[in-house]
1. Go through the range 61-139 and name the trypsin sites (Lys or Arg not before Pro) that are in a DSSP coil and have 12 or fewer other Cβ atoms within 10 Å of their Cβ.
2. Quantify, in whole percent, the carbon and sulfur part of the accessible surface of the range 78-161 (1.4 Å probe; protein heavy atoms only).
3. Output ³J(HN,Hα) for the range 133-149: one whole-Hz value per residue in order, computed from phi by the Karplus curve 6.51 cos²θ - 1.76 cosθ + 1.60 with θ = phi - 60°, and x for Gly and Pro.
4. Which percent of the Cα-Cα distances in the range 97-167 go past 21 Å?
5. Averaged per residue, what accessible surface does the range 1-111 expose to a 1.4 Å probe, in Å²?
6. Over all directions, the average projected area of the alpha-carbon convex hull for the range 26-144 comes to how many nm²?
7. When the Karplus curve 6.51 cos²θ - 1.76 cosθ + 1.60 is applied with θ = phi - 60°, which whole-Hz ³J(HN,Hα) does each residue of the range 153-163 get, with x for Gly and Pro?
Amino acid sequence: LEVSAARQTSTALAAKNRQLAEAHTELERRARELEALQGQLQEQAERDWLTGLHNRRYLARELERLLTEQRGGWFSLAVVDLDHFKSINDRFGHEVGDHVLVRVAALLCEVLRQPDIVVRSGGEEFLVLMPVTEVHAATACCERIRQRIRDESWERIAAGLAVTASVGVASTDDPDQLAALARSADQRLYEAKRSGRDRVVSGSRESSSCGECQEYGREAPVARLSIR
């Protein structure tokens with residue numbers, strides 16, 4: 001009787017252990033599914049629905065990560081704004097305007113390096129963060145962006161369509177100045193608009209041609225100032 005009771009107890013415990021193991025496996029599966037779903041939701045929350053670019057939320061998170069990993073060095077931020085975009089929507093329609101935004105996003109991704117971050121900040125404005133990039137290299141990059149946008153065959157989207165962009169660029173090697181960096185880039189964008197549009201204004205110079213710019217990504221000795 002004792003042996004039979006022990007066997008029954010052992011069998012019951014084994015069955016319960018199997019149930020617990022199955023429940024644990026199911027919990028792990030559901031946890032993985034939940035983690036994947038959270039990742040998908042975060043990705044959706046950090047993406048612009050039209051262009052597929054990231055948004056400001058993603059930029060803020062990546063900037064925090066870069067500050068932790070890079071630990072000093074130059075950062076450059078560019079504000080790229082399409083000229084007279086409202087006129088494009090009014091003349092050609094919002095569908096054409098959407099096609100323009102999608103194509104500009106693709107052009108930005110073609111010009112930029114893999115470490116660079118480009119986001120659509122809203123409307124016809126894009127932000128480009130260039131880690132480990134001082135002012136001259138950042139200006140050269142933005143000149144290429146401006147030229148690619150201007151030289152694109154926009155008539156493939158709509159007859160008579162032409163698109164240009166104005167760009168403001170600011171650079172700093174002081175992590176404490178990153179908040180002021182965006183304000184400086186915005187101010188230079190407004191200066192580019194006031195100066196006639198289709199141009200780049202940076203801390204080093206204003207230009208509508210990249211002939212004098214240094215090769216993008218090349219290190220260059222520059223004075224170490226808070227913001228340029």
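The values are calculated or read from the model by the stated rules, or taken from the named source; none is laboratory data. These numbers were taken from a predicted model, which means no experiment stands behind them. A quick note on method: Cβ atoms are made from the backbone with ideal geometry, for glycine too, and the neighbour counts reach across all protein chains shown. Heavy atoms of the whole protein, side chains included, go into the accessibility calculation; ligands, DNA and RNA do not. Shrake-Rupley method; radii C 1.70, N 1.55, O 1.52, S 1.80 Å.
1. ARG71, ARG113
2. Summing carbon and sulfur atoms, their accessible area is 48 percent of the total for the range 78-161.
3. Running phi through 6.51 cos²θ - 1.76 cosθ + 1.60 with θ = phi - 60° gives 9, 8, 5, 5, 5, 5, 5, 4, 4, 5, 5, 5, 4, 4, 5, 4, 5 Hz.
4. The proportion of pairs with Cα distances above 21 Å equals 24 percent.
5. I get 69 Å² per residue for this part.
6. 9.4
7. For the range 153-163, the Karplus-derived couplings read 7, 5, 5, 5, 8, 7, 4, x, 7, 9, 10 Hz, x marking Gly and Pro.
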